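Here the structure comes first, spelled out in structure tokens, and everything after it is commentary.
Nothing in this text is a laboratory measurement; each read-out follows from the coordinates by a stated rule. All figures in this text were calculated on a predicted structure; none of them were measured in a lab. Cβ coordinates were reconstructed from backbone atoms using ideal geometry, including for glycine residues, and neighbour counts include every protein chain displayed.
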Amino acid sequence: MTPNPPAAPPDARRPSPEGALLEGVRVVELATIVMAPSACAMLSDFGAEVIKIEAPGRGDLYRYFQDLPGMPDSEIPYCFLLDGRNKKSVVIDLKQESGQSVAHRLIETADVFLTNCHNSVLEDLGMTWDRLREVNPRLIFAHGTGYGHTGPEAEKPGYDQVCYWTRSGLVATFTPVDGHLGPLGCGTGDHPTGVTLFSAVLAGLLKRERTGAGSYVTTSLLAAGVWANACAIQAKLVGAEFHEKRPREHTMNFGQLYYRTRDDRLIKLSIVEQDREWEPFCLALDRADLIADERFCATPERIENMPEFVALLDADFAKRDFAEWSERFTRHEIAYSLVSNLDDIVADEQLEAIGMFRDLDHPKYGRLRTVDSPVLIEGEDKVKPQPAPELGEHTGDLLRELGLDAAEIANLANRGIVSGRL
């Protein structure tokens, strides 16, 4: 892809590792919290230079997310470490016209502007698509929102808990008949939506490669949540008849339940074709006597006798540890999983095998591990994760790159328009 010509000599820009897929692509991020910054982290993984504009004072709230009540306790800002990696930070007061002018000079050099601000905020800050396309006609303007970029709810505050999970119907789908879902993990809807936004940016860059023109690309937490719940929604759209939720003992598919093992671990089964997988399941269970049992050997009979069958399975699962069940189900090709806790996940050999954990050397905290983004491209190496920047760490370097001299930078700093390391 052909990036915009830089305003400064090419060697003034931080080079990406040689041969990185997005080497030479410059991204300006004006975003907070999780979804949009996570998309920028993915772009940086493939070599894009990401410059994060932050407001004076505390910067992005995401820097301090670990301090919120209920979050896991740590002195390490683990949330910002994850989605702030590889980036540069510049502090500019966009509420002042002079700050907007500085930001526009930066955006002239960019290929992508990525934001999750509401339209009204972008208007106040001079950062709307209509304004920035005048500044840079080749710009990809990527907009991640809560409820969508238009419509009566476009300005509502939105987080993944209420947009992705709840409003989309996912929570209603997952809520058991006899209770409510507990708290949803931080970023569990933001990160999937960030992958969607990452994809939209790549599509915008491809379009520019073909047409020479920039474009507006967008997605929302709500749209991504609806897509995640699309099978159920599609059923509703065609008028399908839905079944009422049933208690566990009256399930219509025993192979979608959770079972507790002797060593107090939970196994989740995923048996889709019950009759086809019936015999292998019985053999894995070491219950060949059930294969021809008239009460259970076919789906209609199982449904009729499900309370008895679920009680039988609960008793059998409690006789063996998870490790033995794992060996049996693997041998008989039954889809299953341990209900993993975080201790299991960070020690998971399969996750190691697919490269989902990477080392990061931090100047303050030493050697850490971080979670890799989920996209791999054959023949394309990702960059080595670098620490998230300190607030305003690159302000002076970037301003000088844009052609501002020491006196101009000092003037902007004295007026509170820029701050950080100057």
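Which percentage, to the nearest 5, of the DSSP beta bridges contained in the chain is antiparallel?
Given both bridge residues lie in the chain, the antiparallel proportion sits at roughly 40 percent.
Once you list every other residue whose beta carbon is under 9 Å from the beta carbon of residue 25, what net charge do they have if Lys and Arg are +1 and Asp and Glu are -1?
Here the charged neighbours net out to -2.
How would you rank 353-360, 220-227, highest first, on the average number of other Cβ atoms within 10 Å across their residues?
Result, highest mean first: 220-227, 353-360.
Once the other residues with Cβ under 15 Å from the Cβ of residue 359 are scored (Lys, Arg +1; Asp, Glu -1), what is the net sum?
+1
Of the peptides 82-94, 177-189, how do they stack up when ordered by the mean number of other Cβ atoms within 10 Å, highest first?
Per-residue mean Cβ counts within 10 Å order the peptides as 82-94, 177-189.
Within straight cross-link reach of residue 207, meaning Cα distance under 14 Å, which aspartates and glutamates are found once same-chain residues fewer than 8 apart are removed?
Within the straight-line limit of under 14 Å, residue 207 reaches these aspartates and glutamates: 111.
Using the Cα centre of the range 248-345 as the reference point, and only Cβ charges (+1 on K/R, -1 on D/E), how large is the resulting charge dipole? Debye, rounded to the nearest 20.
Here the range 248-345 has a charge dipole of around 180 debye.
Between 230, 291, 37, whose Cα lies farthest towards the positive end of the dipole of the chain when Lys and Arg beta carbons carry +1 and Asp and Glu beta carbons carry -1, centred on the Cα centre?
Looking along the dipole axis, the top candidate is 37.
Strictly over 26 Å apart at the Cα level, which of 95/364; 52/382; 52/384; 268/319; 88/364; 95/156 would you flag in this model?
95/364, as the Cα separations exceed 26 Å there.
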